[in-house]
1. Starting from the 7 Å offset along Cα-to-Cβ, what nm value, one decimal, do you get for the label separation of residue 154 and residue 182?
2. Apply 1/(1 + (r/R0)^6) to the Cβ-Cβ distance of residue 192 and residue 250, taking R0 = 45 Å, and write down the FRET efficiency to the nearest 0.05.
3. Arranged by the count of other C-beta atoms within 10 angstrom, fewest first, what order do 231, 160 take?
4. Between residue 129 and residue 107, how many nm apart are label points set 7 Å from Cα along the C-beta direction?
5. Please give the length that would be gained between residue 61 and residue 19 if that part of the chain were fully extended, namely 0.36 nm times their separation in residues minus their C-alpha to C-alpha distance (nm, one decimal).
6. What's the exposure ranking of 234, 58, 196, 248, going from fewest to most Cβ atoms within 10 Å?
7. Please report the equivalent ellipsoid semi-axes of the range 85-242, computed as sqrt(5 x eigenvalue) of the Cα gyration tensor, largest first, in whole Å.
Amino acid sequence: MTAQATTLPEGGKSRRVYLLLREEIARGTHAPGVLLPSEDRLAEAQGVSRVTVRRALDALARDGWIEKRAGAGSVVRPPRAPSAIAADMATLIPQVVRMGRSTTARLLSFSYGPAPEPVRAALGLAQGAVVQTAVRVRLAGEVPFSHLTTHVPEPVARGYSEADLATTPLFELLERSGVAIAGARQSVTATLAGPDVADALGLAPGAALLSLTRVVTDDAGRGVEYLSALYRPDMFRLEMQLNRAGEDGARHWEPVIGGTA
């Protein structure tokens, strides 16, 4: 299984043209098999030089979005990326568990140390509390699609080993350690890939990522896991089913809880 990569060209103008054309190809404005406008026409339309356009087209060709044919021009290629892994926001936690069983993970690091302040505060730990920190990359087939950093309080983490975490989803390890997981709060935003994350996910530094932060609590309200997850947007998406609810002027969109993805 392969996925289309991101190789941003040098220069701000070339990157702008690259991203514009890639977005147009992705949403079907330029269908597979169709010739893109010539370099001259693209340069005129974007108000840039032919060199700028050529750099953008070269990057699109490297990433598999187009094929450059001598004497013919640039032809849009069929998408190579597998269908994105989808998760319903209304039932995300059980789907994450299933995802852990249907995909594989590669453990990049495993260590113990003082909790970073945002983690300490979110988990409600005492000053100087020690957490076990693990960094993993999760793969669909052979393609990395997420970069996961987890922080677990030391008393909980001692219930499993580094070898366990390399082969078993963390939710299962926590429950196996006697943790009664009761709830979680999470937020989703966007961010850019730093050099280490970009390298682990096969992306160019600065590529856009979907960022999810989750704090998991047990039945006593204690924080037992802090997760920072970064997802490739071409490989993962969050979905939500909505219904119209209310009456007259108070009608609004309402999420469907317990739906299926």
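Quick note: the coordinates plus some simple rules give every number you see, no bench work behind them. Keep in mind that this is a model prediction, so the values were computed, not measured. Note that we place each Cβ from the backbone using ideal geometry, even for glycine, and neighbour counts take in every protein chain shown.
1. Placing both labels 7 Å beyond Cα along the Cβ direction yields 2.5 nm.
2. Details: r = 39 Å, r/R0 = 0.88.
With R0 = 45 Å, the Cβ-Cβ based efficiency is 0.70.
3. Working: 231 23, 160 18.
Listing 231, 160 from fewest to most nearby Cβ atoms yields 160, 231.
4. 2.3
5. On the way: separation 42, 0.36 × 42 = 15.12 nm, distance 1.29 nm.
Answer, rounded to one decimal: 13.8 nm.
6. Numbers: 234 20, 58 17, 196 12, 248 5.
So the residues, fewest neighbours to most, are 248, 196, 58, 234.
7. Values: eigenvalues 113, 64, 51 Å².
Each semi-axis is the square root of five times an eigenvalue, giving 24, 18, 16 Å.
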